Amino acid sequence: MNKVRDVTAAALDKISRGTRPLPKRGQIKSRIAANAFHSIVSVLSKASSHQHHSQRKSYLRKA
(Lines give C-alpha, C1' and ligand atoms only; values in the text may rest on other atoms or scores of the structure.)
Protein backbone atom coordinates (compact mmCIF):
# COMPACT_ATOMS: atom_id res chain seq x y z
CA MET A 1 0.00 0.00 0.00
CA ASN A 2 2.91 2.36 0.68
CA LYS A 3 4.28 1.67 -2.79
CA VAL A 4 1.00 2.78 -4.36
CA ARG A 5 1.02 5.96 -2.30
CA ASP A 6 4.65 6.67 -3.24
CA VAL A 7 3.95 6.13 -6.94
CA THR A 8 0.88 8.36 -6.78
CA ALA A 9 2.79 11.10 -4.95
CA ALA A 10 5.64 10.90 -7.45
CA ALA A 11 3.22 11.09 -10.38
CA LEU A 12 1.44 14.09 -8.91
CA ASP A 13 4.75 15.81 -8.20
CA LYS A 14 5.90 15.20 -11.77
CA ILE A 15 2.65 16.56 -13.20
CA SER A 16 2.63 19.66 -11.01
CA ARG A 17 6.22 20.68 -11.80
CA GLY A 18 5.70 21.60 -15.44
CA THR A 19 2.25 23.15 -15.25
CA ARG A 20 0.54 26.04 -13.57
CA PRO A 21 -1.56 25.29 -10.51
CA LEU A 22 -5.23 24.62 -11.13
CA PRO A 23 -7.36 27.75 -10.87
CA LYS A 24 -9.60 28.17 -7.87
CA ARG A 25 -13.37 27.98 -8.08
CA GLY A 26 -14.76 30.81 -10.19
CA GLN A 27 -11.45 32.07 -11.56
CA ILE A 28 -12.04 30.72 -15.05
CA LYS A 29 -15.52 32.26 -15.28
CA SER A 30 -14.17 35.51 -13.90
CA ARG A 31 -11.37 35.57 -16.47
CA ILE A 32 -13.81 34.81 -19.31
CA ALA A 33 -16.15 37.57 -18.10
CA ALA A 34 -13.28 40.06 -17.85
CA ASN A 35 -12.09 39.22 -21.38
CA ALA A 36 -15.63 39.57 -22.74
CA PHE A 37 -16.09 42.90 -20.95
CA HIS A 38 -12.83 44.27 -22.34
CA SER A 39 -13.75 43.08 -25.84
CA ILE A 40 -17.14 44.78 -25.68
CA VAL A 41 -15.63 48.02 -24.37
CA SER A 42 -13.02 47.92 -27.12
CA VAL A 43 -15.63 47.42 -29.84
CA LEU A 44 -17.84 50.19 -28.46
CA SER A 45 -14.96 52.63 -28.15
CA LYS A 46 -13.84 51.91 -31.71
CA ALA A 47 -17.41 52.33 -32.96
CA SER A 48 -17.87 55.64 -31.14
CA SER A 49 -14.49 56.85 -32.39
CA HIS A 50 -15.41 55.87 -35.94
CA GLN A 51 -18.81 57.54 -35.62
CA HIS A 52 -17.21 60.71 -34.26
CA HIS A 53 -14.78 60.89 -37.18
CA SER A 54 -17.49 60.19 -39.76
CA GLN A 55 -19.65 63.02 -38.37
CA ARG A 56 -16.70 65.39 -38.55
CA LYS A 57 -16.05 64.48 -42.21
CA SER A 58 -19.71 64.96 -43.17
CA TYR A 59 -19.70 68.34 -41.43
CA LEU A 60 -16.65 69.41 -43.42
CA ARG A 61 -18.27 68.27 -46.66
CA LYS A 62 -21.38 70.39 -46.03
CA ALA A 63 -19.36 73.54 -45.34
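The values are calculated or read from the model by the stated rules, or taken from the named source; none is laboratory data. Predicted model only: the values in this text are computed from it and were never measured. Methodologically, a virtual Cβ is constructed for each residue, glycine included, from the backbone with ideal geometry; neighbour enumeration extends over all protein chains shown.
Brief remarks on what is shown
- Selection status of Ser45, hydroxyl-bearing (Ser, Thr, Tyr) and at pLDDT below 65: no
- The selection criterion, being at pLDDT 65 or above and surrounded by fewer than 10 Cβ atoms within 10 Å (Cβ to Cβ), does not hold for Arg31.
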